[in-house]
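A short write-up of the structure that comes next.
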Amino acid sequence: MKTEFIQRCIKGITQAIIEHENDIESLDRAIGDGDHYINLKRGCLAINSMANDFNLMPPSDVFKKIGMKLLSTIGGASGPLFASFFLELSKSLENDGDDRDGFTKGFASGVRAIMTRGKSDFGEKTMLDVLIPISELLNNRVDGDIFDVATQIDRKANEAMLATKDLLPTKGRSAGLGDRALGHIDPGAKSCQVMISAVCQEILKAKK
Ligand code: ADP
Ligand code: MG
């Protein structure tokens, strides 16, 4: 992975989050407290303003800076969870390298860090319902054609996000709603899908 690609993804993700303001905000208003979009936008803008400083840094240092910044800028439950993903990804890249195999391992370590910090697992109507299937897909297709894999990941993230609609929440703020949360997509699952899709679009641009 190249730092220049991460910088393009930061721009792409920020733009995608802003474009999905209404979706993300209304989902968190329905089954949360309505702050998820604002939290994410604050984090994205803070990272954008640092992005030029990343020029000469290796990806592991870039992800460490991102994790630390998120810890201090995004509030709510999601801030520390996203931060622990990037901090663990950074550590893993440092140990295993930043090629595709190293990134796949790093992504899995980041997802495990969210599970540990959130005491949560697949099927609890959270961001993990998108992140866990994507981590598995990355792992299964580590040797697959990069454009094929990006297309599959984009599709899978969308399916996984939609599937949270029918799940009963057992973690986070929405857990208290019980049955009343049925029929609503989890806001964190939606924001992760939007961010993952933005990264896939950056990969697929190289094909055009
Ligand atoms: P808050 O719930 O504190 O207002 P946000 O609105 O920023 O924080 O984030 C809510 C999202 O965080 C949820 O939609 C869910 O995806 C995710 N989330 C909350 N708690 C957990 C947890 N324990 N494990 C994994 N994800 C969680
Ligand atoms: Mg919220």
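Consider segment 1-52 and keep the residues that are under 18 Å from the mean Cα position of the chain (by Cα) and in a loop (DSSP other than H, G, I, E, B). The one that is nearest to ligand 1 (Cβ to nearest atom) is Asp35. Scanning segment 33-75 for residues that are within 16 Å of ligand 2 (Cβ to nearest atom) and among the charged types (D, E, K, R) returns Asp33, Asp35, Lys41, Arg42. Among the residues examined, Arg112 qualifies as out of contact with any Pro (no Cβ under 9 Å at 6 or more places or on another chain), among the basic types (Lys, Arg) and within 16 Å of ligand 1 (Cβ to nearest atom). From Leu81, Leu93, grab the single residue that is at pLDDT 95 or above, touching a Gly at 6+ places or on another chain (Cβ under 6 Å), closer than 19 Å to Lys190 by Cα and not charged (D, E, K, R). After ruling out the rest, the residue left standing is Leu81. Can you tell me which residues in segment 53-92 are among the aliphatic types (A, V, I, L, M) and either assigned to a helix (DSSP H, G or I) or over 22 Å from Gly34 (Cα atoms) (or both)? Passing the criteria: Leu56, Met57, Val62, Ile66, Met68, Leu70, Leu71, Leu81, Ala83, Leu87, Leu89.
Evaluation of Ser78 against the conditions (1) within 13 Å of ligand 2 (Cβ to nearest atom); (2) hydroxyl-bearing (Ser, Thr, Tyr); (3) in contact with a Leu (Cβ under 7 Å, 6 or more places away or on another chain) shows that the sole unmet condition is (3). Only one entry in Thr104, Thr116 is over 19 Å from Val199 (Cβ atoms) and over 13 Å from the mean Cα position of the chain (by Cα), namely Thr116. Taken as a whole, the structure places Ile74 among residues that are touching a Phe, Trp or Tyr at 6+ places or on another chain (Cβ under 7 Å) and among the β-branched types (Val, Ile, Thr). When segment 144-175 is examined, which residues are found to be within 14 Å of ligand 1 (Cβ to nearest atom) and either touching a Phe, Trp or Tyr at 6+ places or on another chain (Cβ under 9 Å) or more than 16 Å from Ser197 (Cα to Cα) (or both)? Residues satisfying the conditions are Ala163, Thr164, Lys165, Leu167, Leu168, Pro169, Thr170, Lys171, Gly172, Arg173, Ser174, Ala175.
The values are calculated or read from the model by the stated rules, or taken from the named source; none is laboratory data. Keep in mind that this is a model prediction, so the values were computed, not measured. Positions of Cβ are backbone-derived with ideal geometry, glycine not excepted, and every protein chain shown enters the neighbour counts.
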